[in-house]
Amino acid sequence: MSTATPTKAYEAKSFPTEGYDGLSPKQIEEHLKLYNGYVNNTNAISAKITELVAADQVNTPEYNELKRRFGFEYSGMRLHEYYFGNMTPGGTTNPLENSKTYTKLVEDFGSFGNWEKDFKGTGMMRGIGWAILYQDPHTGRLQNFWVSDHENGHPAGFTPILVMDVWEHAFTVDYAPTAKKSYVDAFFNNIDWAAVEARLA
């Protein structure tokens with residue numbers, strides 16, 4: 001029997017909790033607790049999988065279920081890091097007309113307004129999930145996608161450029177479940193466009 005090699009633990013990142021336009025400190029704090037749960041679960045499952053592999057316990061029911069769950073927890077961790085990473089309290093100015101973000105959005109959607117309507121429309125779809133602006137690494141094209149569970153619906157190999165969490169936990173401390181539009185508008189008020197720009201290829 002081989003010996004398990006300890007897995008390197010993932011560390012939770014720190015994000016501001018105050019000063020957001022339309023999102024209370026309580027809302028952000030509760031959301032960050034959930035994010036920290038994803039980090040902890042990712043570490044726990046990763047360590048357990050390592051132990052099972054070392055014990056030659058692959059293709060067992062426990063191993064199979066942990067492998068399935070790992071994608072959910074890991075992607076939940078990473079998507080929250082993208083989400084909080086493309087927000088800043090009070091937001092920054094919409095992309096300037098000479099920025100590569102603005103230029104690319106106009107090129108791929110016809111206008112900034114067209115992109116914004118499509119992105120918000122994606123986020124307003126019924127159900128829980130994520131609205132994500134992705135860049136195709138092969139063509140450079142920007143496209144908005146709906147992702148349901150954290151690990152389902154991602155276009156293979158695409159780069160997340162702007163990530164908006166539209167699971168109810170992202171807004172129901174501040175808004176009723178039926179008031180998703182108010183949350184989406186608040187999210188837009190807090191976008192860090194410099195972070196978005198930095199993610200573009």
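The values are calculated or read from the model by the stated rules, or taken from the named source; none is laboratory data. Note that this is a predicted model, so its numbers are computed, not measured. Note: ideal-geometry Cβ built from the backbone for every residue, glycine included; neighbour counts use all protein chains shown.
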Practice task
Report yes if residue 19 is more than 19 Å from the chain's Cα centre (by Cα) and either touching a residue at least 60 places away in the same chain (Cβ under 8 Å) or closer than 26 Å to residue 182 by Cα (or both), otherwise no.
Solution key: yes
Exercise for the section: Out of the residues in the stretch 93-115 that are surrounded by 15 or more Cβ atoms within 10 Å (Cβ to Cβ) and under 25 Å from residue 170 (Cβ atoms), state the one that is modelled with the lowest pLDDT. Expected result: 95
Problem - Sole exception among (1) at pLDDT below 95; (2) surrounded by fewer than 18 Cβ atoms within 10 Å (Cβ to Cβ) for residue 195, by number - result: (1)
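Using the structure shown, decide if residue 66 is closer than 23 Å to residue 48 by Cα, in contact (Cβ under 8 Å) with a residue 60 or more places away in the chain and not in a strand (DSSP E or B). Let's see the steps before the verdict.
Working: closer than 23 Å to residue 48 by Cα: yes; in contact (Cβ under 8 Å) with a residue 60 or more places away in the chain: no; not in a strand (DSSP E or B): yes.
Spelling it out, it is not the case that residue 66 is closer than 23 Å to residue 48 by Cα, in contact (Cβ under 8 Å) with a residue 60 or more places away in the chain and not in a strand (DSSP E or B).
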Problem - Filter result (modelled with pLDDT under 95, on the phi < 0 side of the Ramachandran plot and not hydrophobic (A, V, I, L, M, F, W, C)) within the stretch 1-59 - result: 2, 3, 5, 6, 7, 8
